[in-house]
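Trainee: One structure follows; several queries about it will come next.
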Amino acid sequence: MTTDIAPVLADAHGRTTPTAPDRRNRFRRVLRPGAGRQHHAGPLAYILLGLAALVSLFPLYWTMVAASTDNTRVSQTPPPFLPGPNLFKNLATAWQDAALGKAMLNSLIVAGVIALSTVFFATLAGFAFAKLRFKGRNILLLLVIGTMLVPPQLGVVPLFMMMADLGWGQSLPSVIFPTLVSAVGVFFMRQYLTEALPDELIEAGRLDGAHSLRIFWSIVLPIARPPMAVLFMITFVHAWNDFFWPFIALDMTNPTVPVALTQLSAGYVRDQSVIMAGALLGTLPLLAMFLVFGRQIVGGIMQGAVKG
Amino acid sequence: MATSIDPRQSRRNILHRLDLGAVPYTFIAPFFLIFGAFGLYPLLYTFWISLHRVELSSLDTMEWRGLANFTELFEDDRFWNALSNTFTIGVISTVPQLLMALGLAHLLNYRLRGSVFFRVAVLTPYATSVAAAALVFTMLFERDFGMINWVLGFFGVDNLDWESQKWPAQFAISTIVIWRWTGYNALLYLAAMQAIPKDLYEAAAIDGASRWQQFRTVTVPGISATIVFTIVLSTIGATQLFGEPLIFGQGPNGISGGADNQYQTLGLLLYEEGWKNYQMGRASAIAWAMFLILILIFVLQRVLARVLSRTPRPVKAPRRARPSRTS
């Protein structure tokens with residue numbers, strides 16, 4: 001498994017991210033300006049890419065259109081293609097019917113805590129695997145990577161029983177605790193720190209008498225800030241969208257956004273444009289994040305992806 | 001390691017050695033502790049539960065059943081139906097997805113105006129949750145007023161009932177998966193493509209290889225590790241498909257995967273047995289069956305890859321002496 005994943009992550013230095021000094025890449029670029037891409041795109045490439053962008057974005061645009069009309073208009077043929085006047089009315093109805101206010105707060109807490117904790121523990125472990133020497137390092141790293149192959153969902157039955165025993169049934173900790181760490185995150189940080197953190201810097205710190213935790217705090221954390229931000233965003237997206245386990249662990253009185261949205265599909269709400277308003281609301285925070293940080297998220301995924 | 005042995009510093013040296021020896025383990029401990037408690041332990045415990053009769057209403061009473069849950073499962077038509085649906089939906093969602101991602105990555109790898117826009121645009125579906133995406137596509141695939149049937153009408157296709165027929169339903173569900181993940185996989189491929197040394201292409205071009213030949217003999221072998229990686233991830237995802245069919249079923253039919261179970265996946269069956277029929281032992285047996293199937297797929301994939309790599313390629317890409325970066 002190492003041999004499969006390692007090159008993916010090690011070789012991926014998208015130009016979009018201002019990452020650490022990768023000497024080999026920079027060298028090549030100096031020698032051969034413009035290296036890395038093969039040909040200029042022709043008109044056909046632009047047409048196909050435009051089509052791909054359209055297919056990717058249209059369902060989202062149409063969600064907005066449908067959410068701004070009313071039920072009769074949305075069920076007519078031809079379907080509406082331009083926004084109507086009812087957007088805010090439908091958003092308000094969806095907000096009430098699916099208890100989206102509480103769901104959004106829950107999702108914010110869940111995704112925020114999980115992302116923070118994943119980033120912190122991943123940086124800690126990633127630093128150890130990248131720069132500290134200890135017995136069994138390679139085997140342990142292999143174990144971390146191996147855990148990526150164990151889908152956590154296969155343990156849902158005992159997990160459900162555990163949460164009941166702990167008294168966390170139907171509450172946010174039951175969703176938060178199982179995902180506090182991520183193997184991909186550890187590996188992601190390790191790959192970055194191996195290249196970006198010069199050994200001399202750590203040695204200099206040691207000569208000054210700094211212990212490992214101090215080195216972590218004052219040397220590693222500042223250097224690791226860019227990949228930490230990326231890992232945070234990617235983990236946040238995943239935690240916000242996670243469905244299977246929250247659907248089982250939470251009920252409708254205390255849902256996350258995806259769980260609350262199922263209420264819209266389950267026939268409690270008949271109004272199609274209200275359903276679309278709910279779908280839009282549930283996606284809006286992440287769309288806003290993509291609008292602002294899209295470039296960074298793309299760069300982060302190209303550096304070494306996370307898939308839930 | 002510190003080399004100076006100053007007596008005044010001996011106490012500090014002990015601390016220092018302790019620091020070097022023990023701290024790495026404390027740094028990696030949180031990951032292993034949390035994963036062990038909430039990942040590994042439940043997976044193993046699932047097997048123990050699968051040997052028992054446990055009802056959702058009384059989780060503390062476990063009655064030993066041996067392998068009965070498994071034998072009953074293997075005699076149950078619904079299991080084989082769910083397995084076959086999981087397999088077909090998995091294939092029709094994963095294969096086109098990865099092929100399209102490969103093509104998309106190739107296009108994105110051109111010298112391109114507005115490359116950031118295209119990258120962000122194709123990744124946007126990744127920001128939508130299963131729930132939101134499934135809701136939108138359920139409407140687009142609606143029988144009477146859905147946009148897809150409306151467009152198909154121009155080509156003389158009568159309104160298809162996407163939900164109640166097996167293949168249309170599985171196709172529609174796959175569409176949701178493909179829409180959400182194609183851009184993501186394309187970016188993974190793109191990253192790997194950009195790491196392929198440029199001189200390989202130049203050498204191939206000098207040898208007279210066309211663009212298509214370059215793509216086949218330089219690009220695809222160059223990113224083969226990434227391709228394997230995405231196949232593994234997609235397989236895991238496909239085995240556990242749950243939210244898309246659940247929401248696509250809109251209401252009571254969701255969990256059963258349609259009125260005739262025509263798109264019930266293993267994930268849905270697991271949920272139905274555990275949380276609708278209250279049989280946690282049976283649900284655990286399904287979970288372990290899924291796990292075994294995954295292992296089987298990976299072993300098969302390994303064997304297949306080894307067999308394929310032995311057959312010689314028709315056109316060999318010219319190789320330059322260059323330190324290998326894959327280790």
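Trainee: Apply the Kirkwood formula to the stretch B:72-145: the hydrodynamic radius equals the inverse of the mean of 1/r over all pairs of different alpha-carbon atoms; give it in Å with one decimal.
Mentor: It works out to 15.8 Å.
Trainee: Then there's this: Inside 10 Å of the C-beta atoms of A:201-208, what's the mean count of C-beta atoms belonging to other chains?
Mentor: Mean number of neighbouring Cβ atoms from other chains: 1.
Trainee: From the gyration tensor of the Cα coordinates in the protein assembly as shown, what semi-axes in whole Å does the equivalent ellipsoid have, largest first, with each one equal to sqrt(5λ)?
Mentor: Equivalent ellipsoid of the protein assembly as shown: 40, 33, 25 Å, largest first.
Trainee: Now, a different point. Per the helix-only calculation at 222 nm, which mean residue ellipticity applies to chain B, given -39500 (n - 2.57) for every DSSP H run of n ≥ 4 and division by its residues, nearest 500 deg cm²/dmol?
Mentor: -20500 deg cm²/dmol
Trainee: Taking H placed 1.01 Å from N in the peptide plane, check which residues at least 5 places from residue B:52 or on another chain put their amide H under 5 Å from its amide H.
Mentor: Amide H neighbours of residue B:52: B:65.
Trainee: Expressed as a rounded percentage, what relative contact order does the stretch B:1-95 have, with Cα pairs under 8 Å and six or more residues apart?
Mentor: Contact order relative to length: 13 percent.
Trainee: Taking R0 as 35 Å, what FRET efficiency do you get between residue A:77 and residue A:164 from their Cβ-Cβ distance, rounded to the nearest 0.05?
Mentor: 0.10
Trainee: Just to check I understand the Karplus step: with θ = phi - 60° and J = 6.51 cos²θ - 1.76 cosθ + 1.60, what whole-Hz values come out for the stretch A:78-94, glycine and proline as x?
Mentor: Running phi through 6.51 cos²θ - 1.76 cosθ + 1.60 with θ = phi - 60° gives x, x, x, 10, 10, x, x, x, 9, 3, 6, 4, 5, 4, 5, 4, 4 Hz.
Trainee: Compute a Gaussian network model of chain B, connecting alpha carbons closer than 10 Å, and tell me which residue from B:53, B:216, B:306 fluctuates the most.
Mentor: Highest fluctuation of the listed residues: B:306.
Trainee: What are the semi-axes of the equivalent ellipsoid for the stretch A:73-124, taken as the square roots of 5 times the Cα gyration tensor eigenvalues, largest first, in whole Å?
Mentor: Equivalent ellipsoid semi-axes, largest first: 38, 15, 8 Å.
Trainee: If you bin the C-alpha pair distances of chain B every 20 Å from 0, what whole percents do you get?
Mentor: All Cα pairs, binned at 20 Å, distribute as 23, 45, 27, 5, 0 percent.
Trainee: Positive end of the charge dipole of the stretch B:34-131 (Lys, Arg +1 and Asp, Glu -1 on Cβ, about the Cα centre): tell me which of B:69, B:126, B:115 has its Cα farthest that way.
Mentor: Farthest along the dipole direction, towards plus: B:115.
Trainee: Right, something else. Taking θ as phi - 60°, what are the ³J(HN,Hα) couplings along the stretch B:60-67 by the Karplus curve (6.51, -1.76, 1.60), each to the nearest whole Hz, with x for Gly and Pro?
Mentor: So the J values, rounded to whole Hz, are 7, 8, 10, 10, 5, 10, x, 8.
Trainee: For peptide A:175-182, what's the mean number of Cβ atoms from other chains within 10 Å of each residue's Cβ?
Mentor: 4
Trainee: If you put +1 on each Lys and Arg Cβ and -1 on each Asp and Glu Cβ, how big is the dipole of chain B around its Cα centre, in Debye rounded to 20?
Mentor: 2280 debye
Trainee: Then there's this: Mind listing which chymotrypsin sites (Phe, Trp or Tyr not before Pro) in the stretch A:172-211 are in a DSSP loop and have 14 or fewer other Cβ atoms within 10 Å?
Mentor: Listed in order of number, the matching sites amount to none.
Trainee: For a protection proxy built on the mean count of beta-carbon atoms within 10 angstrom, sort B:261-274, B:191-204, B:134-147 highest first, please.
Mentor: Ranked by mean Cβ neighbours within 10 Å, highest first: B:261-274, B:134-147, B:191-204.
Trainee: Give me the one-decimal nm value for the distance between modelled label points at residue A:201 and residue B:276, 7 Å along each residue's Cα-to-Cβ direction.
Mentor: Each label point is offset 7 Å from its Cα along the Cβ direction, giving 5.4 nm.
Trainee: Sticking with this one: Using amide H atoms built in the peptide plane, which far-off residues or other-chain residues are under 5 Å from residue B:111 H to H?
Mentor: Under 5 Å from the amide H of residue B:111 lie the amide H atoms of A:38, A:39, A:40, A:41, each far enough along the sequence or on another chain.
Trainee: Compute the FRET efficiency between residue A:221 and residue A:51 as 1/(1 + (r/R0)^6), taking r as their Cβ-Cβ distance and R0 = 35 Å, and round to the nearest 0.05.
Mentor: 0.20
Trainee: Using a 10 Å cut-off around each Cβ of peptide A:47-58, what is the average number of partner chain Cβ atoms that fall inside?
Mentor: Taking the mean over all residues of the peptide, I get 6.
Trainee: Further, regarding this structure: For the stretch A:195-308, what D do you get in µm² per second when you plug the Kirkwood radius from alpha-carbon pairs into Stokes-Einstein at 20 °C and 1.002 mPa s?
Mentor: 123 µm²/s
Trainee: Calculate the tail of P(r) for the stretch B:30-181: the fraction of all Cα-Cα distances greater than 21 Å, expressed in %.
Mentor: Distances greater than 21 Å cover 68 percent of the Cα pairs.
Taken together, the values in this text are just the output of simple stated rules run on the coordinates, not laboratory data. Given the structure is predicted, the values throughout are model-derived calculations rather than measurements. Reconstructed Cβ throughout: ideal geometry from the backbone, glycine too, with neighbour counts over all protein chains shown.
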